[in-house]
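Down below is the structure, laid out as structure tokens.
The values are calculated or read from the model by the stated rules, or taken from the named source; none is laboratory data. A quick note: this is a predicted structure, and the numbers were derived from the prediction, not measured. FYI the Cβ positions are ideal-geometry reconstructions off the backbone, even for glycines, and counts take in every protein chain you see. Each accessible area value is taken on the protein alone, full model and side chains, heavy atoms only, with ligands, DNA and RNA left out. Shrake-Rupley method; radii C 1.70, N 1.55, O 1.52, S 1.80 Å.
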Amino acid sequence: MSEIEECLFCKENASYEGKGPLDQTYEVNCPNCGIYRISSKVKIGICDDYTSYAYLISGLIREKNNLGLTLEVITSDNILSLISDPLIPKTLMQRLDKIILYFYSQTSYFGEDIFIDNEKYSIAYAKKIDELNWFIQLLIQEGYLSRSLSLTFKGWERAEKLISTNNYSNKVFVAMGFKEDLLEAHEKAIKTACKECGFNSLLISEKEHNEGITDRIIAEIKTSKFMITDFTYNNCGAYFEAGYAQGRGLEVIRTCKKEWFDGEDENGNKNHVHFDINHYNFIIWKDYNDLKEKLINRIRATIL
């Protein structure tokens, strides 16, 4: 049996339906946010620190619904972490981009006029419908939308650029050798650093597939937000993968173990990393904690 109550994040009327034993979770169907699930503790207001950011969570729920991404149950433990999700826009232009992408996703042919439901202002991470209308007028003024609310050529071009650069992706492709210490570095440092910044790291050895390994690597890079490449032991594949990602315009964070980067080969030559790339700004790490902290700082400074 569903009940009508205010949505926790946008205050629109939404239906709540209890799920599981003793209604431990609730499925909420909100006309603005879309469908999401919350724990009973969140429903009764155990955690209210999120209230000033509620409109951002509303937009995040709407966008994940639109993209078909999995939504975890919102609990008192994870609700504040939602604010750091990489999908959430940080600037005005990023919020405008959300509208452009929404129009693009709803358009079946060039020149089609798109109706914007007044109950879906969360597509722009807006606090209310007036703010969404202001954004739309700005997009018309700047030439991204026509007055009849269809994407112009400029708007279409902007949408395709955003899609090609994986603006909406929360995936990070990781390239490295499969030696034991590097696999442990991925597990204890890279994966945890990415997660803390709202991203999911992917090492190709963890991915089940039936394709050729190179085809799978290329496919995964194409759908990643950015890339982390560790050049310890001079793994040749890492050079190829980093070059391909850079050629597609993806940010590449380069890392290397200190004793390898600063070591000497049998001829007494320093720096085992190839001279073609040793001028890039590497993260030189000593141990797993060092790598994790430096990665978090680099991601926050250059990606978020």
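With only Lys, Arg, Asp and Glu charged, each at its Cβ (+1 for the first two, -1 for the last two), find how big the charge dipole of the range 82-212 is about the Cα centre; round to the nearest 20 debye.
On the way: 16 positive and 19 negative charges, 77 e Å.
Once rounded to the nearest 20, the dipole reads 380 debye.
So which aspartates and glutamates pass the test for residue 41, namely a Cα distance under 19 Å, with those fewer than 8 places away in the same chain ruled out?
Counting by Cα, and skipping residues close in sequence, residue 41 has these aspartates and glutamates nearby: 3, 5, 6, 17, 23, 27, 49, 72, 77.
Taking the alpha-carbon distance from residue 127 and a cut-off under 12 Å, which aspartates and glutamates remain once sequence neighbours fewer than 8 residues away in the same chain are dropped?
The qualifying aspartates and glutamates are 12, 119.
Using Cα-Cα distances under 8 Å and only pairs 6 or more residues apart, what relative contact order does the chain have, in percent? Please list the in-between numbers first.
Details: 454 pairs, mean separation 36.1, N = 304.
Contact order relative to length: 12 percent.
Which trypsin sites (Lys or Arg not before Pro) does the range 170-205 hold that lie in a coil by DSSP with at most 12 other beta carbons within 10 Å? Intermediate results must be reported in sequence, preceding the final value.
Working: sites: 171, 179, 188, 191, 195; in loops: 179.
Sparse-neighbourhood loop trypsin sites (Lys or Arg not before Pro): 179.
For every other residue with a beta carbon closer than 11 angstrom to the beta carbon of residue 78, add +1 if it is Lys or Arg and -1 if Asp or Glu, then tell me the sum.
Working: positive: none; negative: 72, 77, 85.
For residues surrounding residue 78, the net value is -3.
Extending each Cα 7 Å along its Cβ direction at residue 157 and residue 303, get the distance between those two points in nm, one decimal.
Taking the simple label geometry, residue 157 and residue 303 are separated by 3.0 nm.
Could you tell me how far the Cα centroid of the range 104-163 sits from the Cα centroid of the range 273-304, in Å?
Value for the Cα centre distance between the two parts: 38 Å.
Taking 2.2 N^0.38 Å as the expected size of a compact globular protein, what ratio does the Cα radius of gyration of the range 16-173 give against it, to two decimals?
Values: Rg = 16.8 Å, N = 158, 2.2 N^0.38 = 15.1 Å.
That ratio works out to 1.11.
Which angle from 0 to 90°, rounded to the nearest 10, does the C-alpha axis of helix 213-222 make with the longest principal axis of the chain?
Approximately 50 degrees, to the nearest 10.
7 Å from Cα along Cα→Cβ at both residue 129 and residue 41: what's the point-to-point distance in nm?
For residue 129 paired with residue 41, the spin-label model returns 3.7 nm.
For the range 61-147, build the convex hull from the C-alpha positions and give me its volume per residue in Å³. All intermediate terms of the calculation are to be shown ahead of the outcome.
Details: hull volume 9.4 nm³, N = 87.
With only Cα atoms used, the range 61-147 gives 108 Å³ per residue.
Please check: in the Gaussian network model of the chain (C-alpha springs, under 10 Å), which one of 276, 97, 113 has the largest mean-square fluctuation.
So, out of 276, 97, 113, the one fluctuating most is 276.
Go ahead and collect, in residue order, the members of the range 235-258 whose backbone nitrogen is under 11 Å from a label point 7 Å along the Cα-Cβ direction of residue 214.
Once the point is set 7 Å along Cα→Cβ of residue 214, nothing inside the range 235-258 turns out to lie under 11 Å by backbone N.
Stretch residue 147-residue 3 to full length: gain in nm at 0.36 nm per residue minus the Cα-Cα span?
On the way: separation 144, 0.36 × 144 = 51.84 nm, distance 3.94 nm.
My answer for the length gained is 47.9 nm.
Please turn the phi angles of the range 69-76 into ³J(HN,Hα) values with the Karplus equation 6.51 cos²θ - 1.76 cosθ + 1.60 (θ = phi - 60°), one per residue in order, whole Hz, x for glycine and proline.
8, 5, 10, 6, 4, 7, 10, 5
Where is the GNM fluctuation largest for the chain (alpha-carbon springs, 10 angstrom cutoff): 170, 32, 118?
Its mean-square fluctuation being the largest, the pick is 118.
With θ set to phi - 60° and the Karplus curve 6.51 cos²θ - 1.76 cosθ + 1.60, what are the ³J(HN,Hα) couplings of the range 286-303 in order, to the nearest whole Hz, using x for Gly and Pro?
Whole-Hz 3J(HN,Hα) from phi for the range 286-303: 9, 8, 5, 5, 4, 5, 4, 5, 5, 5, 4, 5, 5, 4, 5, 7, 10, 10.
Which of the GluC sites (Glu not before Pro) found in the range 10-109 are loop residues per DSSP with 14 or fewer other Cβ atoms within 10 Å of their Cβ?
Working: sites: 12, 17, 27, 63, 72; in loops: 12, 72.
Passing sites in the range 10-109 are 72.
Can you give me the relative contact order of the range 18-172 as a percent, contacts being Cα pairs under 8 Å and 6 or more apart?
Across the range 18-172, relative contact order equals 21 percent.
Over the range 1-150, average the accessible area per residue using a 1.4 Å probe and give it in Å², no decimals. Write down the numbers at each step before the final one.
Working: 7880 Å² over 150 residues.
Result: 53 Å² per residue.
Quick one: putting +1 on the C-beta of Lys and Arg, -1 on the C-beta of Asp and Glu, what dipole do you get for the chain around its Cα centre, in Debye to the nearest 20? Write down the numbers at each step before the final one.
On the way: 36 positive and 45 negative charges, 124 e Å.
Approximately 600 debye in magnitude.
Given a cut-off of 32 Å, name the pairs among 19/188; 64/179; 225/258 whose C-alpha atoms lie farther apart than that in the structure shown.
On the way: 19/188 35 Å; 64/179 36 Å; 225/258 26 Å.
Check vs 32 Å cut-off fails for 19/188; 64/179.
Which GluC sites (Glu not before Pro) from the range 77-178 combine a DSSP loop assignment with at most 14 other Cβ atoms within 10 Å?
Numbers: sites: 112, 119, 131, 142, 157, 160; in loops: 112, 119, 142.
Within the range 77-178, the qualifying GluC sites (Glu not before Pro) (loop, at most 14 other Cβ atoms within 10 Å) are 112, 119, 142.
Counting only helical runs of four or more DSSP H residues, what would the 222 nm mean residue ellipticity of the chain come to if each run contributes -39,500 (n - 2.57) and the total is spread over all its residues?
Numbers: 11 runs with 111 residues, N = 304.
Value at 222 nm, helices only, nearest 500: -10500 deg cm²/dmol.
Return the Cα extents of the chain along principal axes one, two and three, sorted largest first, each rounded to a whole Å.
74, 52, 38
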